[in-house]
Amino acid sequence: ILRKFAHPGAVIGVVWHPTQDNILATGCQDGSVRIWNTKEPNDRPQAVLQGHTARVFNVAFHPICPDLLASGSDDQTIRIWNNNPARQGPPEIRHLVGHTHNVRGLLWHNELPFILFSGSWDSTIRTWDVAAGVCIHCCYEHHADVYGLNAHPQRPFFLVSSSRDTTLRFWTHEDIVRPFLLTCLLKPHQMSELLGTPQEAMAVMTAPPGSVVAPKKLFGLQSRSLAEAIQKIPLGNEGPNMEMIKRIVSFFIYRLGLEDFWGLLGTIRGDQAAVVGTSSRVIFHERELVACQKSKALELASTKGGMGIAGKLEDRLLRAAQIMLRVGDIRSYCRFTAQAGHWERAICIAPAVSQKFWADMCNEYIATLSASADIEECAPFWIASGQASRLVDACVERSELDKAFVVAKAEADSLLPAAPQIGGAVSSAAAAASKKEEKEAAARNKFEGVAANLAQLHLDAGEPLQAAMCFLAVSQGELASSLLSRSHEPILAYVTNLLLGLPQDPTDLKLLSGCAERDGRWAVAGDLLRGHPLGETLLLPLMAMRCPDQDLARQWSGFSSEQYREAIASSLEALDFASATLAAVGADEKERAAEIGVDALYAMFQRPDWTITEARMIMEPLECLPLSEMTVKAIANVLACSAYVGLVEAVQLGYHELVYPLAQTLRNIVVHQNLPFPVSMAEVSMLEAAASSAVNTASSLQQLQSLLDSPEFPKQLRPVCEQHMAAITQTQAAGGYPGSVYRGLGKMTGGQLPTCYKKYAKTSVLTNALIKGPPFELEDRKLHVSLVDALSWARVNSYSPLNTGCKIQPV
């Protein structure tokens with residue numbers, strides 16, 4: 001023992017200062033926090049911080065502001081202390097109240113100095129804005145006391161918590177960092193402008209709560225290192241720099257399999273510098289698949305075992321042999337199988353290589369396999385006899401899709417033996433070439449089909465990134481980005497399209513732009529909307545009306561309010577109602593804009609050939625109206641139009657989960673406000689019934705038939721209803737609807753995790769069921785929907801399902 005510091009009671013917590021190696025703090029049974037300096041010759045504390053009314057369990061120095069520390073106590077509170085001897089006033093600068101039991105875990109954020117996380121015996125994790133002195137989020141997912149909280153050393157926004165419920169839980173805080181991420185992606189060499197200093201942070205933290213606006217910056221060492229690394233990467237003219245994008249995205253967000261994601265994108269782009277090593281990867285691109293599998297087999301076969309594990313060596317050789325078989329290297333298969341002691345099997349397969357090789361391997365081998373033989377026994381004979389497709393089918397039946405994927409790729413690349421020709425020679429070279437093309441096309445289709453099956457398997461397990469990577473592995477970038485977008489991964493979808501030169505998803509651009517706009521990053525929001533099909537003509541002029549930066553606003557629209565006012569009449573005269581609605585909004589004639597837009601939409605809905613794009617041209621300006629300042633009639637009409645457009649779009653896109661809630665929202669508005677809506681509720685019911693066919697075809701047909709049997713069903717809708725029934729029957733006969741990897745909404749990462757204790761669980765206002773995964777709080781701060789439902793809803797309807805006129809903004 002080198003030193004001893006005595007306390008008046010049990011010492012519960014102790015922590016060293018992160019930057020001053022001689023300073024430490026302790027929490028004591030007597031409710032005091034003590035600061036000690038090990039260089040002082042005496043054994044008295046440098047400071048005693050008093051305020052807690054029960055024992056102090058944990059203390060945490062601030063990683064950015066060296067004079068600050070937090071303490072958590074059994075008095076259910078957290079106190080923030082300023083230990084600077086030159087301070088003015090008492091040392092306690094914040095008193096955080098909210099936990100309902102003893103406070104345990106404490107963690108300052110390494111990049112956001114105003115954010116503190118705390119865990120408690122009340123089983124919650126609270127996120128505190130210490131600058132404002134308020135709790136901004138409360139997490140109920142743990143089922144017992146939360147003791148440990150920690151952040152990843154390289155990914156500061158990736159957290160882990162431990163609890164007496166026997167679990168570790170992993171968290172990301174992307175809602176907080178998404179605006180930073182968007183800014184860095186669109187303006188990477190301006191990242192240094194996002195960096196703050198400890199002095200800025202300290203000024204906010206020591207000011208009275210809420211008296212100083214906290215700067216929206218990053219303050220940690222990791223962000224500074226990232227900015228320095230980005231500055232060293234030169235800007236090129238050949239498109240986005242993948243290494244730069246990889247560093248940025250990996251810093252801000254985490255997903256299982258992200259290294260595979262970068263490897264696949266790098267291979268598709270031909271950017272070998274961005275392709276990471278194969279040792280830690282699981283999913284490979286088709287160009288590298290065979291070589292990587294061979295490398296894996298050679299590693300298995302050459303690995304030396306220790307004493308007494310001859311059996312394990314045999315297992316490794318057999319596994320290596322099976323890998324070589326799946327990639328079409330039958331010679332190596334035979335060699336490894338023979339080395340493992342299975343000479344009979346090797347000898348039997350050897351003729352598939354050559355007669356000479358067979359003669360070298362064996363004298364004679366005759367065997368038959370029963371129909372019930374193990375697939376590992378049947379596999380070599382299927383491949384040797386040119387029946388690799390049977391092995392693919394067998395692997396698919398056993399749900400061994402990864403093996404099926406490799407075999408299908410080997411067959412598609414003609415690496416496997418062909419089936420022996422039966423009959424005479426091919427009549428001509430042209431016929432032979434045609435037959436070869438047909439075979440290659442069939443093999444390619446099977447290969448891509450296996451990739452889709454693998455993707456569906458991952459998607460059903462709530463792993464959209466892995467599902468998308470299955471499409472990237474076969475160079476189907478459009479399907480991959482679409483799946484990411486529909487599974488609520490807008491950043492990863494954006495990055496995929498950016499790196500592969502694909503068009504961006506308009507819905508993602510609008511959602512991400514709204515995220516940047518709400519954080520005051522107007523330039524970033526504008527850059528995002530430039531890629532939207534309606535960006536230059538509609539969305540940017542609308543954003544110019546909201547933007548406080550007049551220089552930016554003039555870049556997006558050169559119209560003044562007077563010019564917009566003059567344009568209303570000319571647009572109406574030309575029957576251009578979309579432009580007239582935009583002009584009325586720009587002229588700040590709110591009620592007139594609502595009247596023009598709603599009348600135009602009502603007329604449009606009565607046409608059988610109207611499109612979602614047409615409707616959005618009018619809805620976008622209407623969505624910019626401040627509904628809280630308008631009449632009840634105008635609000636109801638705008639909300640009804642938005643709900644109906646969203647309903648039709650959800651039906652067209654296969655978002656069947658949203659159809660019933662949107663239909664109910666429309667009914668509630670129309671009935672309660674007695675609106676003269678041009679679409680009958682019978683037609684809405686028909687849309688609901690038709691959309692439900694994706695879930696239960698028989699029930700859908702039964703509902704449609706019930707509508708036809710009803711004497712009150714409008715005559716003009718009967719042919720449409722019959723067409724729906726015919727289409728559903730035809731789809732059912734053709735094998736049903738495509739999986740959610742192709743159409744509809746996918747499962748979000750973490751969106752299906754078990755809910756918390758029932759007493760803390762939230763009920764969704766859309767489904768009346770307990771919410772799985774993270775909840776999303778609606779504008780009344782009492783009612784909730786699941787985050788998955790909120791993200792899905794926002795894709796087709798900007799307004800909250802509570803029909804208050806408030807926007808829903810989950811991104």
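The values are calculated or read from the model by the stated rules, or taken from the named source; none is laboratory data. A quick note: this is a predicted structure, and the numbers were derived from the prediction, not measured. FYI the Cβ positions are ideal-geometry reconstructions off the backbone, even for glycines, and counts take in every protein chain you see. Ligands, DNA and RNA are excluded from the accessible area calculation, which covers all protein heavy atoms including side chains. Shrake-Rupley method; radii C 1.70, N 1.55, O 1.52, S 1.80 Å.
Taking the options G51, G98, G13, name whichever one is open to solvent by less than 10 Å² (accessible area, probe 1.4 Å) and modelled with pLDDT under 95. Give the steps one after another, and end with the answer.
Working: G51 fails: open to solvent by less than 10 Å² (accessible area, probe 1.4 Å); G98 fails: open to solvent by less than 10 Å² (accessible area, probe 1.4 Å).
Within the list G51, G98, G13, the selection yields G13.
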Among the candidates Y660, Y644, single out the residue that is surrounded by 15 or more Cβ atoms within 10 Å (Cβ to Cβ), within 28 Å of I596 (Cα to Cα), in contact (Cβ under 8 Å) with a residue 24 or more places away in the chain and of a type outside the set (A, V, I, L, M). Y644
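I'm trying to understand the selection: among the residues of region 238-256, which are modelled with pLDDT under 85 and open to solvent by 60 Å² or more (accessible area, probe 1.4 Å)? Reasoning before the result, please.
In the first step, residues of region 238-256 are kept if they are modelled with pLDDT under 85; the result is 238-240.
If the condition is that a residue be modelled with pLDDT under 85 and open to solvent by 60 Å² or more (accessible area, probe 1.4 Å), then E238 is the only one that fits.
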With criteria (1) open to solvent by 30 Å² or more (accessible area, probe 1.4 Å); (2) within 21 Å of T496 (Cβ to Cβ); (3) in contact (Cβ under 8 Å) with a residue 24 or more places away in the chain; (4) not in a loop (DSSP other than H, G, I, E, B), E259 comes up short on (3)
Please work out which one of (1) surrounded by 14 or more Cβ atoms within 10 Å (Cβ to Cβ); (2) assigned to a helix (DSSP H, G or I) is the condition P719 fails and give its number. (1)
Going by the structure shown, is L235 touching a His at 6+ places or on another chain (Cβ under 8 Å), over 30 Å from I93 (Cα atoms), in a loop (DSSP other than H, G, I, E, B) and modelled with pLDDT under 95? yes
Taking S692 as the residue in question, decide whether it is assigned to a helix (DSSP H, G or I), under 25 Å from S482 (Cβ atoms) and small (G, A, S). yes
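Could you list, in sequence order, the residues of region 407-465 that are among the β-branched types (V, I, T) and modelled with pLDDT under 85? Can you show your working first?
Let us first name the residues in region 407-465 that are among the β-branched types (V, I, T), namely 407, 422, 426, 450.
Within region 407-465, I422, V426 qualify.
Kindly indicate which of R155, R164, R169, R126 is in contact (Cβ under 8 Å) with a residue 40 or more places away in the chain and not β-branched (V, I, T).
Details: R164 fails: in contact (Cβ under 8 Å) with a residue 40 or more places away in the chain; R169 fails: in contact (Cβ under 8 Å) with a residue 40 or more places away in the chain; R126 fails: in contact (Cβ under 8 Å) with a residue 40 or more places away in the chain.
So the residue among R155, R164, R169, R126 that is in contact (Cβ under 8 Å) with a residue 40 or more places away in the chain and not β-branched (V, I, T) is R155.
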With the condition kept exactly as written, say whether any residue in region 742-760 is of a type in the set (A, V, I, L, M), without any contact (Cβ under 8 Å) to a residue 24 or more places away in the chain and farther than 24 Å from N453 by Cβ. no
For A634, which of the numbered conditions (1) over 24 Å from I808 (Cα atoms); (2) open to solvent by less than 60 Å² (accessible area, probe 1.4 Å); (3) among the hydrophobic types (A, V, I, L, M, F, W, C) fails to hold? (1)
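Hey, could you check region 17-42 for residues that are touching a residue at least 12 places away in the same chain (Cβ under 8 Å) and open to solvent by 80 Å² or more (accessible area, probe 1.4 Å) and say which is nearest to T77 (Cα to Cα)? Break it down into steps so the answer makes sense when it comes.
Taking region 17-42 as the starting set, the residues that turn out to be touching a residue at least 12 places away in the same chain (Cβ under 8 Å) are 17-20, 22-39.
Still in the list and also open to solvent by 80 Å² or more (accessible area, probe 1.4 Å): 19, 29, 39.
Values: T19: 26, Q29: 15, K39: 32 Å.
Only one residue fits best here, namely Q29.
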Looking at K216, K187, can you tell me which residue is closer than 20 Å to G133 by Cβ and among the basic types (K, R)? K216
Take region 777-811 and flag every residue that is in a strand (DSSP E or B) and either of a type in the set (V, I, T) or surrounded by fewer than 22 Cβ atoms within 10 Å (Cβ to Cβ) (or both). E777, H784, V785, K807
Over region 495-512, the set of residues in contact (Cβ under 8 Å) with a residue 24 or more places away in the chain and farther than 19 Å from I612 by Cβ is V495, T496, L498, L499, L500, G501, L502, L512
Does at least one position in region 155-171 carry a residue that is open to solvent by less than 10 Å² (accessible area, probe 1.4 Å) and assigned to a loop (DSSP other than H, G, I, E, B)? yes
Taking region 527-569 as the search range and keeping residues that are small (G, A, S), more than 34 Å from the chain's Cα centre (by Cα) and outside any helix (DSSP H, G or I), which one is surrounded by the most Cβ atoms within 10 Å (Cβ to Cβ)? S560
Subset of region 495-526 [open to solvent by 30 Å² or more (accessible area, probe 1.4 Å) and within 22 Å of L484 (Cα to Cα)]: L498, L500, G501, L502, P503, Q504, D505, P506, T507, K510, L511
Any chance region 58-75 includes a residue that's in a strand (DSSP E or B) and of a type in the set (S, T, Y)? yes
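Residue-by-condition table, conditions (1) part of a loop (DSSP other than H, G, I, E, B); (2) surrounded by fewer than 17 Cβ atoms within 10 Å (Cβ to Cβ); (3) modelled with pLDDT of 85 or more; (4) not polar (S, T, N, Q):
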| residue | (1), (2), (3), (4) |
| --- | --- |
| R316 | no, no, yes, yes |
| T337 | no, no, yes, no |
| E344 | no, yes, no, yes |
| W358 | no, no, no, yes |
| N363 | yes, yes, no, no |
| A367 | yes, yes, no, yes |
| E376 | no, yes, no, yes |
| W382 | no, no, no, yes |
| K403 | no, no, yes, yes |
Inside region 470-490, can you point out the residues that are in a helix (DSSP H, G or I) and within 19 Å of V407 (Cβ to Cβ)? C470, F471
Looking at region 135-148, is at least one residue among the acidic types (D, E) and either touching a Cys at 6+ places or on another chain (Cβ under 6 Å) or in a strand (DSSP E or B) (or both)? yes
Looking only at residues in region 586-595 that are assigned to a helix (DSSP H, G or I) and open to solvent by less than 20 Å² (accessible area, probe 1.4 Å), which one is farthest from L675 (Cα to Cα)? G586
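For (1) at pLDDT 90 or above; (2) surrounded by 15 or more Cβ atoms within 10 Å (Cβ to Cβ), each residue gets a yes or a no:
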residue: V679; (1), (2): yes, yes
residue: E688; (1), (2): yes, yes
residue: L707; (1), (2): yes, yes
residue: P714; (1), (2): no, no
residue: Y737; (1), (2): no, yes
residue: G750; (1), (2): no, yes
residue: K758; (1), (2): no, no
residue: I771; (1), (2): no, yes
Note on region 128-154: residues β-branched (V, I, T) and either open to solvent by less than 60 Å² (accessible area, probe 1.4 Å) or touching a Leu at 6+ places or on another chain (Cβ under 7 Å) (or both) are V130, V146
Using beta carbons and a limit of 7 Å, which pairs, at least six apart or on different chains, have the first residue in region 111-122 and without any contact (Cβ under 8 Å) to a residue 60 or more places away in the chain and farther than 17 Å from P153 by Cα and the second one among the charged types (D, E, K, R) and open to solvent by 10 Å² or more (accessible area, probe 1.4 Å)? S118/R126; W121/D145
Might you let me know whether region 66-86 holds any residue that is of a type outside the set (V, I, T), free of Cβ contacts under 8 Å to residues at least 24 places away in the same chain and open to solvent by less than 40 Å² (accessible area, probe 1.4 Å)? no
Qualifying positions in region 21-48 - at pLDDT 90 or above, under 43 Å from the mean Cα position of the chain (by Cα) and of a type outside the set (A, V, I, L, M, F, W, C): T26, G27
